[in-house]
Each structure stands twice: as structure tokens, then as C-alpha cells.
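Participant: Would you mind keeping the following structure in view while I ask a few things?
The values are calculated or read from the model by the stated rules, or taken from the named source; none is laboratory data. Because the structure is predicted, anything quoted here is derived from the model rather than measured. Cβ placement follows ideal geometry from the backbone for every residue including glycine, while neighbour counts extend to all protein chains displayed. The protein model used for the area step is the full one, side chains on, heavy atoms only, and it has no ligands, DNA or RNA in it. Shrake-Rupley method; radii C 1.70, N 1.55, O 1.52, S 1.80 Å.
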Amino acid sequence: MSDAIDPVKLDRLAEVGVRVGLNLQAGQDLILTAPAAALPLVRRVAAAAYKAGAGLVTTVLSDEELTLSRYRHGSEASFDRAPDWLYRGMGEAFAAGAARMAIVGDDPMLLSGQDPEHVARAARANSQAYKPALEKISNFDINWSIISWPGLTWAGRVFPDLAAEQAQARLADAIFAASRVTGNDPLGAWADHNAALARRRDWLNGQRFAALHFQGPGTDLTVGLADGHAWAGGASTAKNGVTCNANIPTEEVFTTPHARRVDGRVRATKPLSHMGTLIDGIEVRFEAGRIVEARATQGEAVFLKLLDTDEGARHLGEVALVPHVSPISQTGILFYNTLFDENAACHIALGQCYAKCFEDGATLSRDQIVARGGNQSLIHVDWMIGGPNTEIDGITADGRRVPVFRNGGWA
Ligand code: ZN
Ligand code: ZN
């Protein structure tokens, strides 16, 4: 392993991933996917899992060069293939009670130089094949979690002016800080953090706001909330009864907007990295929930194409509150990775909503979710709209305004 990465903090990250992220249960199997370059972290996660009483840890490794090899040398037919046998097996393992951890750390722009049609076909084939396994994750049937490894090429994207090792060291430090493993008692730090997020979540659920009104530079946006929406944030309990933190890090408290009750203008406060393209300077206008005007100063063609994915791509599926003083935001770094960037600022997401962000969400049919204002789409793309000047009011059903955010933080 590179000397750039502190082995003690790496141990703590593995421990937090297993104990807090997964809350792995005694006897529970674990399916772990990771970049091969992340082996120092993979080995620590496996050790932490076995110490926590894991049944069997099964690891599937990927590699940037192996992925690129297909795009460089693969036959035309290769781009419609995916290992469905592998994903069926994962689905079986989840059905039998296994937990799932993903370590991410590859270059977020890995495929940006490849033929977009090949990339799109391979992605489609993969999502088709992945369905039996992904369903169990997105329905929250099992405890799962994502943690990060400071991959060299990713670090090079984030810190293009630094030498490779220095860039990796800086990214490692940023990951450790954001994942709250820099102190001596990371498990205690996570207990406190989850309690703080739960207080915000419970306060918002108690308010039963009909809408949120966002104001900031270039932004005057009213986001109606879905009927019977519920706020989520911090640890939550999967259908197998295990309470876990699906994202490490996590700073957001989020819910479902009403897909037909969003009006006004909004300007993005950070660039959005989407499928290897940087989209910057986004400004859109909503009318009755639909984006009717959209522009971007960079990557506009890709942004407009994204909006044309399906009708739901022009409507919101998530609104999330993150104070500007969050540790990730304080780093001032653009990570080109949603796991980090969406936890640095208040954000909204175009596309699919989360069923769990409704009261009794697990029991609702798709039609019931749509009737309550939940959006449906093939995409879910988060983009940041919060900054140091963000002001948010909650608006109650009878029109009362309650301060929620002032100067970018909780009021
Ligand atoms: Zn979010
Ligand atoms: Zn999101």
C-alpha cells in the first residue's frame, strides 16, 4: 500500500463500514465488491467482518484496466453482455440473508473517452442483468453500505495539480474526515452524528410542511412536498430488521417532493459530474412541477439530453437538506462522486423518488405513490443548490412560514 494512506484510519474506516455502515450481524454472510486497487481496505473489511461474527465473506474485484480492455478490444456483441449468472447468484445470497458492501474508488470519468453508444449499451445490459440483485438493495430488503477508497486516478481528477502520491494522500484525508474516522472513537462519533440527524428528521416530520421555499443567488424556488411524505436521514432499518447506514459518509436529511407542485427558478451551486461529463452553470425554471426552461454554461447538450430521458426526468424525485458547515462542504473539494458531493450541499434530484420517503412507504403500490406526488423515472440525478447564502422556509398547509435554514445552516 502507498505510504500516503494512514493505516490506522484505514482500520477505523473498515470498522465503521462493518459496524455502522452494515451493522453486520453474527452469522450473516457478506458480499463485497471493490476495485482491486482497494485490497488494503478490502482485507481490513473482511477481517472486521469476521471479527463481528460474519458467516462467509465473498469478494468480487474489478479493475479500471480490465474495464477499459473491453472498450478497447471487445467485439461489437460484447457490449450487450453482462454476467447475469453472477447477479442471479448475488440475488440468491441476498434472499438467503447476506449483507452487501460496495467499496468505490475508481476514476469517476473512466469511460469518458469511450464510444458513448458502447457505454450506454453496456450499462443497459448490466442494469438488466443486475435487476434480481439490485431490487433487494433498492427495496431495502437487506442491510447494505458503501464506503470509499482513495483510488489514484480518482485522486488525480480531484487534485489535478498534485503529484499522484500527494493527490492520493489528500483524497485519503478527505475521505477519512468525511467518514468521521479521524478521532479516536469513530463508533461514538457515528452514534452522535446519527442522533443529530434523527433529531432534524423528527423535527421536520413533526412540522408536516406542505412546501419548502428556497432562496439564494439565482434561486427562488418553491418545492411542494408529496402528500404523506416522510423525512429520512442517518441510520435506517432495512426490512430484515437491521439498522444500518447505507452511505458512509452521510450528512443529508431528505424526502420526496410533489412531482406536480414545484415552481420557480433555481441555480446550481456546484458543477454536476454526469457519466464522465461536467455540467456547470445549471439554471432551470419549473412550472407546475415540470422543467420548462433549462440551460447550462458547460455541458448543456448532455444536460438537455438527460432531461429528455423520459417525462419523469423533468420532475423532481428528492429534496435534501445539508448545512453548508458540513465537514464535506468545508473541504471545498469537488469529488466528482455523488456519495461525497451530494453530502456537501442542499440538493434536489431529477427523476425517481424513494418509496421509503413516504409514511408506510413499504406498503404503497406504485400507483399510490404516484397519486401522492411521487415521481417515476429511469434516472435519479442529484444536483447541488445549497450554499452559504441559502435560506429555506417551511410553508405549512395553512400558509404559515417557519424558518428552516438561515445563511446556509439550520435556523
Ligand atoms: Zn440525496
Ligand atoms: Zn439522491
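Participant: Which of the residues that make up segment 349-363 are away from ligand 2 (no atom under 12 Å from the Cβ), outside any strand (DSSP E or B) and either open to solvent by less than 30 Å² (accessible area, probe 1.4 Å) or closer than 21 Å to R314 by Cα (or both)?
Facilitator: A355, G361
Participant: Quick one: in segment 105-125, which of the residues that are more than 16 Å from S69 (Cα to Cα) and assigned to a loop (DSSP other than H, G, I, E, B) is modelled with the highest pLDDT?
Facilitator: The qualifying residue modelled with the highest pLDDT is G105.
Participant: Taking strands (runs of 3 or more DSSP E) that do not extend beyond segment 246-339, which have at least 2 residues that are modelled with pLDDT of 95 or more and within 16 Å of ligand 2 (Cβ to nearest atom)? Give the derivation first.
Facilitator: On the way: elements: 253-255, 257-267, 272-274, 277-279, 283-287, 290-295, 316-321.
Once the strands (runs of 3 or more DSSP E) in segment 246-339 are filtered for at least 2 residues that are modelled with pLDDT of 95 or more and within 16 Å of ligand 2 (Cβ to nearest atom), what remains is 253-255, 257-267, 316-321.
Participant: For residues that are touching a helix residue (DSSP H, G or I) at 6+ places or on another chain (Cβ under 6 Å), surrounded by 23 or more Cβ atoms within 10 Å (Cβ to Cβ) and hydrophobic (A, V, I, L, M, F, W, C), tally how many sit in segment 143-157.
Facilitator: 4
Participant: Here's a follow-up. Take the conditions within 21 Å of L134 (Cβ to Cβ), open to solvent by less than 60 Å² (accessible area, probe 1.4 Å), away from ligand 2 (no atom under 16 Å from the Cβ) and in contact with a Ser or Thr (Cβ under 9 Å, 6 or more places away or on another chain) and apply them to D382. Does it pass?
Facilitator: Details: within 21 Å of L134 (Cβ to Cβ): yes; open to solvent by less than 60 Å² (accessible area, probe 1.4 Å): yes; away from ligand 2 (no atom under 16 Å from the Cβ): no; in contact with a Ser or Thr (Cβ under 9 Å, 6 or more places away or on another chain): yes.
So D382 fails the test.
Participant: Somewhere in segment 196-211, is a residue hydrophobic (A, V, I, L, M, F, W, C) and under 30 Å from F94 (Cβ atoms)?
Facilitator: There is at least one residue in segment 196-211 that is hydrophobic (A, V, I, L, M, F, W, C) and under 30 Å from F94 (Cβ atoms).
Participant: Quick one: would you say T219 is polar (S, T, N, Q), away from ligand 1 (no atom under 16 Å from the Cβ), touching a Ser or Thr at 6+ places or on another chain (Cβ under 7 Å) and open to solvent by 10 Å² or more (accessible area, probe 1.4 Å)?
Facilitator: When the stated conditions are applied, T219 does not pass them.
Participant: Sticking with this one: Of everything in segment 338-348, what is surrounded by fewer than 24 Cβ atoms within 10 Å (Cβ to Cβ) and either aliphatic (A, V, I, L, M) or touching a Lys or Arg at 6+ places or on another chain (Cβ under 9 Å) (or both)? Give them in sequence order.
Facilitator: L339, D341
Participant: Within the set of pairs 6 or more residues apart or between chains, which connect a residue that is under 16 Å from A38 (Cα atoms) and touching a residue at least 24 places away in the same chain (Cβ under 8 Å) inside segment 160-185 to a residue that is of a type in the set (S, T, N, Q) and surrounded by fewer than 21 Cβ atoms within 10 Å (Cβ to Cβ) with Cβ atoms less than 7 Å apart?
Facilitator: Close Cβ pairs (under 7 Å, with a partner that is of a type in the set (S, T, N, Q) and surrounded by fewer than 21 Cβ atoms within 10 Å (Cβ to Cβ)) amount to E165/S2; Q168/S2; F176/T182.
Participant: Restricting attention to segment 24-47, report how many residues are open to solvent by less than 10 Å² (accessible area, probe 1.4 Å), under 21 Å from V242 (Cβ atoms) and part of a helix (DSSP H, G or I).
Facilitator: 1
Participant: Sticking with this structure for a sec: From A133, A120, A125, A102, which residue is open to solvent by less than 50 Å² (accessible area, probe 1.4 Å), in contact with a Gly (Cβ under 7 Å, 6 or more places away or on another chain) and aliphatic (A, V, I, L, M)?
Facilitator: A133
Participant: Identify, please: which residue in segment 324-337 is open to solvent by 10 Å² or more (accessible area, probe 1.4 Å) and not hydroxyl-bearing (S, T, Y) and is, among those, nearest to ligand 1 (Cβ to nearest atom)?
Facilitator: So the residue we want is N337.
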